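The values are calculated or read from the model by the stated rules, or taken from the named source; none is laboratory data. Everything quoted here is computed from the prediction, not taken from an experiment. Cβ sites come from the backbone with ideal geometry, for glycine too, and all protein chains shown count toward neighbours. Just so you know, the surface numbers come from the protein's heavy atoms only, side chains and all, with ligands and any DNA or RNA stripped out. Shrake-Rupley method; radii C 1.70, N 1.55, O 1.52, S 1.80 Å.
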Amino acid sequence: MRKALEGSQAIARAVALCRPDVVAAYPITPQTHIVENLSKLVAEGDLHTEFVSVESEFSAASVVLGAAAAGARAYTATASQGVLLMSEVLFNIAGLRVPLVMTVANRAVGAPLSIWNDQSDSMAVRDSGWIQIHAADNQEAVDATIQAFRIAETCEIPVMVCMDGFILTHTMEVIDMPDTDMIDGWLPPYEFSRNLDPAAPTSIGTLVTPDFFAEMRHSHHAAMMRALEVIEQTDADYADLTGRASGGLLTVEGDPDAKVGILAMGSTVGTLRTGMEHFSDEVGAARLIKLRTFRPFPSDALRDAVKGLDHLIVVDRAISPGLGGVVGTEVAAVLADVEGAPRIHNHALGLGGRDIPETIYRDLMQTVANPDAPAFSVFDVDLNKLQPEDR
Amino acid sequence: MKEFRIHGRGGQGSVAAAYLLAAAAFEAGFTCQAFPAFGAERRGAPVTAFVRIDKAPIHLRSQVHSPDFLIVQDATLLHDPALTAGLKDGGGMLVNSTRASEDVAKEFGCKAICLPATELAMEEIGRPIPNTALLAGFLTLTDLLPQEALAAALKDRFKGDVLQKNLSLIARAADAVPHGIWKEAEDA
């Protein structure tokens, strides 16, 4: 049913549709409303789950790990410093191949302390072995949350659904919420193949010697690569159910004959779409590539998506200091062996909540025409705010 | 697309006002978007919230830089020089104030209507929360949405005594400002 809902409220309802057995989370801005809404659903009797109030994100992640390993469908959500406090457990969850779903309400990581949005937090656990799906709007966030349980449980890999903090979590917009019957028929009950069971004792998380460690890593990587197909198939199946796809790994829109492409993840995509409508007369139309699945990285789909482009602007919402943009660097690596690959222009923008206006489309497109523009920049920097030696 | 900015202070329900306006727009068949300017909210601190309403899907996610109208929940914010920044030509502001509308219009050089929303709210709901009264007045001025859409949004959010008192409040506030005088700008 279509309804005007705040993003966080919609996520809580989407989680409830998936009937989690255990929810454990610690509130942190801008994830707080998700947890509050889940707690409210429990209190009002609309969600029957074991809601575990914990004293930290480390505990939240540990509780859901244990729960899922014992055969319970489990969910958590966090952001920013919370992701980092969880990080040890996040690597364990993935390495143990325990299926879980977590929402990351993307927020900058301190210092300097910031409660505002960028994607530094999920980037910091890029290599934890979780699947990462980025939502461009709240409808996609809802749909990805529901899909995430099926993907996680099919692949036995945890899934992180990333949504831009505040920009999506605190925005009310029209969302089509699937109804209970639809999801009950689509998402089978959780059954874990390696369920902890006192009747058939097994150990998990034991020491792995050098004789087997490389094999474990190889198998995790191989499972992630196989997940590419599962993610695409799940989105397609969900589209059969709801009439709505989010674009599996990535989607291409805009001018198919354009020579300049712009690739972005998350809510920036919508602003770029509006910017292109308003500024294409001035700076030309682009091919817009919305990267939905960041891990596993959809290398083949990306190579197809950039065919015919001379330039590709890659928007990063985080930075790896001393290197540049994370997504931009990965895109460049994937395209390195492609003949006639576009030149990469990588810009980090909207850091720590800096507003991204629609003029960003025009400004980004204009960098392509400038042969002296650096291959990477932190965009929209006012150097006058810095001491001369820091510029 | 119509864009609005709501200025208030923490505790006055500015973000709730934005959500209510968006929800009312949805009830009336529009697409909508509402969100706060993301600060560390606390009582008394300035708060800004944004609303976009359109017939087509809304993709833009920046803050509202060129609003068609402003709703000002706290007259002390009139001293903020950035208050009217980017206000569109022909745009106006609805201010929660007992001042004469002409005075404010003259001071800011734009359309302005003052509505004593706090006083109305004190009389009807017994609390100084001006948001729903201002929304009702705003809908009367702009003819943007029917009052029933606002009532429907309120019914979705509140119940019991709070709902009844707010419904009485919006009925009064809707009649406290001239009808449709901002309609032309709204259609432009």
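Below, the figures for the structure above:
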{"item": "Residue that is most open to solvent (accessible area, probe 1.4 Å) [pool: residues in region B:18-38 that are assigned to a loop (DSSP other than H, G, I, E, B) and more than 7 Å from every other protein chain (Cβ to nearest Cβ)]", "result": "B:GLY29"}
{"item": "Region B:91-106, subset in contact with a helix residue (DSSP H, G or I) (Cβ under 8 Å, 6 or more places away or on another chain) and open to solvent by 40 Å² or more (accessible area, probe 1.4 Å), residue farthest from B:ALA174 (Cα to Cα)", "result": "B:ARG99"}
{"item": "Selection count, region B:1-12, where residues are surrounded by fewer than 24 Cβ atoms within 10 Å (Cβ to Cβ) and farther than 24 Å from A:PRO357 by Cα", "result": "3"}
{"item": "Residue list for region A:342-376, filter: open to solvent by less than 60 Å² (accessible area, probe 1.4 Å), under 14 Å from A:VAL314 (Cβ atoms), modelled with pLDDT of 95 or more and not hydrophobic (A, V, I, L, M, F, W, C)", "result": "A:PRO342, A:HIS345, A:ASN346, A:HIS347, A:GLY350"}
{"item": "Total residues in region A:139-172, condition within 14 Å of chain B (Cβ to nearest Cβ) and not charged (D, E, K, R)", "result": "11"}
{"item": "Of the criteria (1) in contact with a strand residue (DSSP E or B) (Cβ under 6 Å, 6 or more places away or on another chain); (2) assigned to a loop (DSSP other than H, G, I, E, B); (3) open to solvent by 10 Å² or more (accessible area, probe 1.4 Å), which one B:GLY126 fails", "result": "(1)"}
{"item": "Region A:173-199, residues that are open to solvent by 10 Å² or more (accessible area, probe 1.4 Å), within 14 Å of chain B (Cβ to nearest Cβ) and of a type outside the set (Asp, Glu)", "result": "A:VAL174, A:MET177"}
{"item": "Complete set of residues in region A:295-343 that are over 18 Å from A:GLU253 (Cα atoms) and of a type in the set (D, E, K, R)", "result": "A:ARG295, A:ASP316, A:ARG317, A:GLU330, A:ASP337, A:GLU339, A:ARG343"}
{"item": "Condition check for A:ARG107: modelled with pLDDT of 95 or more and at positive phi", "result": "no"}
{"item": "Cross-chain or 6+ apart pairs with Cβ under 8 Å, region A:190-204 first and closer than 21 Å to A:PRO158 by Cα and polar (S, T, N, Q), then open to solvent by less than 70 Å² (accessible area, probe 1.4 Å) and not in a loop (DSSP other than H, G, I, E, B)", "result": "A:ASN195/A:ALA69"}
{"item": "Every residue from region A:156-169 that is open to solvent by less than 20 Å² (accessible area, probe 1.4 Å) and not aliphatic (A, V, I, L, M)", "result": "A:PRO158, A:CYS162, A:ASP164, A:GLY165, A:PHE166, A:THR169"}
{"item": "Residue tally, condition at pLDDT 95 or above, assigned to a loop (DSSP other than H, G, I, E, B), open to solvent by 10 Å² or more (accessible area, probe 1.4 Å) and out of contact with any Asp or Glu (no Cβ under 6 Å at 6 or more places or on another chain), over region B:48-83", "result": "9"}
{"item": "So A:PHE279, is it out of contact with any Cys (no Cβ under 9 Å at 6 or more places or on another chain), part of a loop (DSSP other than H, G, I, E, B) and either open to solvent by less than 40 Å² (accessible area, probe 1.4 Å) or of a type in the set (Gly, Ala, Ser) (or both)", "result": "no"}
{"item": "Test: residue in region B:39-47 that is surrounded by 24 or more Cβ atoms within 10 Å (Cβ to Cβ) and either within 10 Å of chain A (Cβ to nearest Cβ) or modelled with pLDDT of 95 or more (or both)", "result": "no"}
{"item": "Qualifying residue in region A:296-318 (condition: of a type in the set (Asp, Glu) and in a strand (DSSP E or B))", "result": "yes"}
{"item": "Residues being open to solvent by 10 Å² or more (accessible area, probe 1.4 Å) and of a type in the set (Ser, Thr, Tyr) - total across region A:229-273", "result": "2"}
{"item": "Residue that is part of a helix (DSSP H, G or I), within 14 Å of another protein chain (Cβ to nearest Cβ) and out of contact with any Asp or Glu (no Cβ under 9 Å at 6 or more places or on another chain), where the choices are B:LEU134, B:LEU154, B:LEU150", "result": "B:LEU154"}
{"item": "Residue in region A:113-133 that is farthest from A:ARG19 (Cα to Cα), counting only those that are within 14 Å of chain B (Cβ to nearest Cβ) and not small (Gly, Ala, Ser)", "result": "A:LEU113"}
{"item": "Candidates A:GLY270, A:GLY247, A:GLY266 - the one that is within 14 Å of another protein chain (Cβ to nearest Cβ), of a type in the set (Gly, Ala, Ser) and either more than 22 Å from A:ILE133 (Cβ to Cβ) or not in a helix (DSSP H, G or I) (or both)", "result": "A:GLY266"}
